[in-house]
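Colleague: Here's a structure for you.
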Amino acid sequence: MRFLLDDQQRDFARSLDAMLTAADTPAVARAWAAGDTAPGRAVWARLAEAGVFALAVPERHDGLGPLPVELAVALRELGRHVVPGPVVETVAAAALLDRLGTLGDEATAANWLPGIASGKTVASLCLISGNASGSGCGSGSGSGESPYALDAESADVVFVVDGDTVRLTEVTGPVQSSADPARRLSRPLGGTVLARGPRVSAAAAHAAEVAALATAAQALGLGRALLARTVEYARQRTQFGAAIGSFQAVKHRLADALIALEFAEPLVHAAALALAADAESSGAEIAAAKVSACEAACSAARTALHLHGALGYTEELDLSLWIRKARALRGAWGTPAACRARVLAP
């Protein structure tokens with residue numbers, strides 16, 4: 001099994017990096033948190049033009065995939081640039097609809113997948129607790145019997161899976177606060193039944209795996225960005241007449257964060273390859289990638305906060321966008337405990 005990216009995949013990552021750098025994504029994330037989604041939708045359209053969402057959609061529905069490895073590459077760059085919006089949920093919704101189509105409900109898939117591939121349809125997905133048991137490492141974007149849907153008020157369509165039933169929800173509850181202000185959460189209410197039966201449960205389990213992998217890739221990119229920004233700051237900030245990056249204690253903190261990220265990266269790639277191959281071990285491998293990448297991102301966030309000192313606690317500093325998202329991603333689509341239990345399951 002080859003964990004390294006090929007030249008085409010690296011070129012794809014570099015092109016996304018350049019595009020998102022030019023888009024000033026920190027400003028976009030702040031606008032999204034304030035309720036102004038127009039800049040975010042503009043970035044979403046550019047991502048769609050680059051083929052990001054088509055990677056999760058099969059060719060029979062105007063997509064390019066599903067291509068889990070390339071999707072992980074894309075989500076890593078989106079995490080690196082703290083892109084807001086229900087990106088993971090849209091990708092997971094595409095996986096849900098695709099699997100429903102392969103299991104016989106092609107009409108439902110055909111109704112929504114082309115729009116997701118083109119970027120015209122922003123989707124959110126909510127799996128009621130328990131739907132993803134045995135797959136990935138957890139379910140939904142929240143916990144309990146009625147989890148939250150991410151950015152439901154900004155999405156064009158919200159899918160809710162409860163047991164063996166998938167509903168199209170039109171009404172959501174009030175927006176709730178989150179560790180990350182750019183992650184706007186609300187409880188889905190009511191809705192129209194789209195499909196019911198064992199195929200829904202199977203499709204939801206697959207969607208949860210895709211969401212966990214996408215979250216892991218996003219966290220990996222986020223952790224890389226935090227480390228890079230902290231290294232740059234440590235080179236510039238001086239104390240006692242020397243850059244703080246020259247202090248042994250600082251070097252150790254940065255090295256620990258780097259090692260955690262370096263160990264997580266091949267796990268994310270391996271999980272993407274396992275999902276692409278539809279391997280029996282994909283669930284455990286995705287769980288390992290999710291817990292490793294998210295814990296590494298949180299470690300990088302703690303290091304960044306510590307080494308930036310009092311400056312790191314200010315919301316005015318763009319660094320706070322990455323720090324707060326790291327905490328939110330840690331529990332999204334599978335808590336660390338749930339992921340570890342999945343890895344250790346016989």
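Colleague: Springs between alpha-carbon atoms under 10 Å, Gaussian network over the chain: tell me which of Gly283, Gly79, Gly309 tops the mean-square fluctuations.
Modeller: Looking only at Gly283, Gly79, Gly309, the biggest GNM fluctuation is shown by Gly309.
Colleague: If you don't mind, there's one more thing I want to ask. At 222 nm, what helix-only mean residue ellipticity would the chain give, in deg cm²/dmol to the nearest 500, using -39500 (n - 2.57) for each DSSP H run of four or more?
Modeller: Theoretical 222 nm ellipticity from helices: -19000 deg cm²/dmol.
Colleague: Here's a follow-up. Please report, largest first and rounded to whole Å, the three semi-axes of the ellipsoid equivalent to the chain, where each semi-axis is the square root of five times an eigenvalue of the C-alpha gyration tensor.
Modeller: In descending order, the three semi-axes are 33, 21, 19 Å.
Colleague: Classify segment 210-344: rounded, prolate or oblate, from the alpha-carbon gyration tensor (a ≥ b ≥ c, eigenvalue square roots; a/c under 1.5 rounded; otherwise prolate if a/b is larger than b/c)?
Modeller: prolate
Colleague: Would you mind estimating how fast segment 149-205 diffuses translationally, via Stokes-Einstein at 4 °C and 1.567 mPa s with the Kirkwood radius over Cα pairs, in µm²/s?
Modeller: The calculation lands on 108 µm²/s.
Colleague: Under the definition of Cα pairs under 8 Å and six or more residues apart, what whole-number percent is the relative contact order of segment 157-301?
Modeller: Taking the mean separation of contacting Cα pairs over the length of segment 157-301, I get 22 percent.
Colleague: Would you kindly state how much longer the chain becomes between Arg14 and Ala341 on full extension, computed as 0.36 nm times their sequence separation minus their alpha carbon distance, in nm to one decimal?
Modeller: 114.2 nm
Colleague: In addition: For the chain, what does the relative contact order come out to in percent, with C-alpha contacts under 8 Å and a separation of six or more?
Modeller: 19 percent
Colleague: Okay, next question. Using the Cβ atoms and a cut-off under 13 Å, what net charge is assigned to the surroundings of Thr108, where Lys and Arg are +1 and Asp and Glu are -1?
Modeller: Here the count lands on +1.
Colleague: Using a simple charge model, +1 on the beta-carbon of Lys and Arg, -1 on the beta-carbon of Asp and Glu, nothing else, what dipole does the chain show about its Cα centre, in debye to the nearest 20?
Modeller: Charge dipole, the chain, about its Cα centre: 960 debye, nearest 20.
Colleague: Pick from Asp318, Asp151, Asp98 the residue whose mean-square fluctuation is largest in a GNM of the chain, springs joining Cα atoms under 10 Å.
Modeller: Looking only at Asp318, Asp151, Asp98, the largest GNM fluctuation is found for Asp318.
Colleague: Another question, then. Going by average Cβ density within 10 Å per residue, which order do the peptides 10-23, 239-252, 45-58 take, highest to lowest?
Modeller: 45-58, 10-23, 239-252
Colleague: Sorted by average packing, counted as other Cβ atoms within 10 angstrom per residue and highest first, what order do 211-217, 263-269, 89-95, 119-125 take?
Modeller: Ranked from most to least packed, the peptides come out as 211-217, 89-95, 119-125, 263-269.
Colleague: Among all the lysines, which ones have a C-alpha under 25 Å from Lys251's C-alpha, if same-chain residues fewer than 8 places away are not counted?
Modeller: Partners found: Lys325.
Quick note: the coordinates plus some simple rules give every number you see, no bench work behind them. In this text the structure is predicted, and so the values were computed from the model without any measurement. Here the Cβ is made from the backbone with ideal geometry for all residues, glycine too, and neighbour counts use every protein chain on show.
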